[in-house]
Amino acid sequence: MHANDELDLASLRREFPITERWAYFDHATYGPHPRAYVQTLADVAQQLSADVLGATSAGLEEVRASAARLLHAPVEQVALLRSTGEATNLVASGVDWQPGDEVILYELDFPSLIAPWLAVADRGVQVRVVRDEGRNRFELEDFVELMTPRTRAVSVSLVNNTTGFRAPVEALAAECAARNIWLTVDAVQAVGSMDVDAPSLGGDVVAAHSYKFLLSGFGQALVYCSDRAKRELRVPHVGLRNMRMDPNGTLFDSGLNLFDSARRFEPSVPNLAANLAMGAAINLLLETGPRRIEAHNRQLCARLCDGLQEMGYTLITSQAEGESAGLVCAVKDGVASDSIQERLAAAHMMSAVRGGNLRFAPHLYNTEAEVDQLISALREPVRA
C-alpha cells in the first residue's frame, strides 16, 4: 500500500480492547466488538430504560443505508435478517419446487449453507454434490458438469470457512443466469474483511452474518436481494414490518400489501439495540475504507503465508490468482493442528482449527508485528 493508503493502526487498536491482551487472528470465528458498538449498545439500552417511548426503530433505516454502502448495493435491495442461514432459506423455501428438481452444493461448505436444501428433500428435490477430492478448492467446470435441465439452484460460499478458497462466484453466476438457475452466496467470510460488491457477484441472494468480520455479534445479517429475488420468491413470514399499512382502514379491507423492496422479507421488529450497534460497527468499516481494509488484510495474509512456507507448513488456501481472500489455512505434517492452536492460545495468540486445518483470519487492527510474533511462536514451542 502507498503511505497515504495505510490504516491508522494506533487509533484502530484503541477501538478494540482485545488488543490489550491478545494477538487475535480468529475473526473468521468471531469478531470482537469495537468500542463504538459497545457504546451504541449501552446508549440504546439506557434510552429504553429511561425513556422507552422516545426510542423508535427509525434508526434501522440508517443501518440499512450503511449496509447498502458496504455492499455497494441499492438500499431497496438490502434486507436486515437474522443469519446467513435464514437468507439461504429465502430461496430454499421460496421457490415452487417440483419433484425431480435439483440443487448443487459444494462438499466442504458450511452446514447452514447445506441444511436448507436437505430440508426440501421431502418435496422431491435432489441434492447433487461437488466433491472436493483433496483439492481444497473446485473448478467452475465441477458445477457446470452437474447442471442439467432440472437444476433449479446452486448455493456456495464466496470464501470457504475451512480452506480460505475464494470461489469463482462471478463466473458461476453467469452460468446460472444463462440457465435460469437460482444462486445463493454465503459471504460471511468476506464482507467486512474484503471489499465486496454484492450486485457484481451476480447472486440472487448474497448474505453475511454479523458476528465475524462485521464485528457485531449474533442475530443480524446483511442480505442483498436481486430484483428477481424480490419479484419471484415467496415471502416466508408476514408481519407488521414487511407490509404497507392503510392508516384509515384495516387489513380486512386492504389485504396484504407487501413492500416491493427487500424489506418484504423482514416481518417483525428486530433487536433494536443490537442492530443500531451493528450500524456503528459498519460505519467504522466504512470510515476506515473497505478497499484499504482489504489491502491491509491481504498484506498481512501474504506475510503470514511466506512465514508458514519457510517453516515447512503446507498452505491449504489456494495461492492461485484470485483464489484467496482474508483467510490463511495451513497444516504441519506430523503435528496435530489442535495442539498448535492450543499452544498459541496459551501465549495469547488466537487462531482456530477447521476441517483439521489451522486457520488464521486477521482484520483491520492487526499489525505486521503481530504477524511476525505469530510466525515466531509457530517456529518455537509456545510457552504461556
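Does R179 qualify as being farther than 26 Å from Y30 by Cβ, touching a Gly at 6+ places or on another chain (Cβ under 8 Å) and charged (D, E, K, R)? Criteria not met by R179. Among helices (runs of 4 or more DSSP H) entirely within the range 196-297, having at least 1 residues that are touching a helix residue (DSSP H, G or I) at 6+ places or on another chain (Cβ under 6 Å), at pLDDT 95 or above and closer than 24 Å to A42 by Cβ singles out 272-288.
Would you mind stating whether N248 is in contact with a strand residue (DSSP E or B) (Cβ under 9 Å, 6 or more places away or on another chain), exposed (fewer than 13 other Cβ atoms within 10 Å of the Cβ), over 25 Å from C329 (Cβ atoms) and not hydrophobic (A, V, I, L, M, F, W, C)? So N248 does not fit the description; no.
Residue selection: A295 fails the criterion of being more than 20 Å from V191 (Cα to Cα) and either free of Cβ contacts under 8 Å to residues at least 60 places away in the same chain or surrounded by fewer than 21 Cβ atoms within 10 Å (Cβ to Cβ) (or both). Condition check: in a helix (DSSP H, G or I), small (G, A, S) and assigned by TED's automatic domain parsing to the domain that holds A187. Does A345 satisfy that? No. Residue check: L118 meets all listed conditions (1) surrounded by 16 or more Cβ atoms within 10 Å (Cβ to Cβ); (2) without any contact (Cβ under 8 Å) to a residue 12 or more places away in the chain; (3) not basic (K, R) but one, namely (1). Scanning the range 258-269 for residues that are surrounded by fewer than 19 Cβ atoms within 10 Å (Cβ to Cβ) and either of a type in the set (F, W, Y) or in contact with a Leu (Cβ under 9 Å, 6 or more places away or on another chain) (or both) yields a total of 4.
Residue under question is A173, and the condition is that it be part of a strand (DSSP E or B), surrounded by 20 or more Cβ atoms within 10 Å (Cβ to Cβ) and either without any contact (Cβ under 8 Å) to a residue 40 or more places away in the chain or under 12 Å from the mean Cα position of the chain (by Cα) (or both); does it hold? Against the criterion (part of a strand (DSSP E or B), surrounded by 20 or more Cβ atoms within 10 Å (Cβ to Cβ) and either without any contact (Cβ under 8 Å) to a residue 40 or more places away in the chain or under 12 Å from the mean Cα position of the chain (by Cα) (or both)), A173 does not qualify.
I'd like the full set of residues that are surrounded by fewer than 20 Cβ atoms within 10 Å (Cβ to Cβ) and of a type in the set (A, V, I, L, M, F, W, C), limited to the range 96-113. Matches in the range 96-113: W97, F110.
Restricting to the range 353-376, name every residue that is crowded, with 20+ Cβ neighbours inside 10 Å and of a type in the set (V, I, T). Scanning the range 353-376 gives a single hit, V371. The residues of the range 90-122 that are farther than 26 Å from T162 by Cα and touching a Gly at 6+ places or on another chain (Cβ under 9 Å), listed by number, are W97, Q98, P99, G100, D101.
The values are calculated or read from the model by the stated rules, or taken from the named source; none is laboratory data. From a predicted model like this one, the values you see are computed outputs, not experimental measurements. Quick reminder, even Gly has a Cβ in these numbers, built from the backbone with ideal geometry, and neighbours come from all protein chains shown.
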